[in-house]
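Values quoted throughout were computed directly from the atomic coordinates according to the rules given, and no laboratory measurement underlies them. Just so it is clear, the structure is predicted and the values come from calculations on it, not from any experiment. Here Cβ is always computed from backbone atoms with ideal geometry, including for glycine, and neighbour counts include all displayed protein chains.
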Ligand SMILES: CC(C)(COP(=O)(O)OP(=O)(O)OC[C@H]1O[C@@H](n2cnc3c(N)ncnc32)[C@H](O)[C@@H]1OP(=O)(O)O)[C@@H](O)C(=O)NCCC(=O)NCCS
């Protein structure tokens, strides 16, 4: 039985390892584990930075995602971003992400959130298919970034 929890202060090492594995699997990126670990701990310590939604199966953490928020002056309300999505490979295709996503939708409705957004690597066709199957649409914006190397 999958249990979904919100704002859960759970094992930082599990979540940090998920992020390192996800970056390597989906983008071929080797993240610095200790830096990621500090980033995860910062979220656990401070709700303003974000909130994790965690999925457990028989008590073991098997998946996570993080919610962060963005103010929209156009709509005078908050948008949420879904980030850091990872389901352990052996637990995929069984509805775990869907259960976490539905939890996000329920929470968002309860908290008056106007829109849910996420970005995904252009090559990550599996995740793109999953997001579309669950009712999200590709938007007309391109994402731009500048790395300030701090
Ligand atoms: C993308 C990912 C989070 C999906 O998690 P999951 O728990 O396997 O997804 P679910 O089982 O909840 O499936 C949700 C829907 O997508 C479909 N789906 C799942 N995997 C699929 C696949 N490989 N191909 C096509 N459809 C798929 C399911 O059938 C389901 O659709 P339905 O409700 O119409 O039946 C998971 O594959 C993962 O962690 N990938 C590696 C990390 C990653 O890419 N993260 C995203 C970064 S943006």
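General remarks:
- Radius of gyration over Kirkwood radius for the chain, both on Cα atoms: the Rg/Rh ratio is 0.94.
- Distance between modelled label sites at residue 2 and residue 31, nm, 7 Å Cα→Cβ extension: 2.0
- Fewest-first ranking of 133, 103, 49, using other Cβ atoms within 10 Å as the exposure measure: 133, 49, 103
- Burial ordering of 14, 121, fewest other beta-carbon atoms within 10 Å first: 121, 14
- Relative compactness, segment 13-90, computed as alpha-carbon Rg over 2.2 N^0.38 Å: 1.20
- Spin-label model distance (nm) - residue 81 vs residue 133, 7 Å beyond Cα toward Cβ: 2.6
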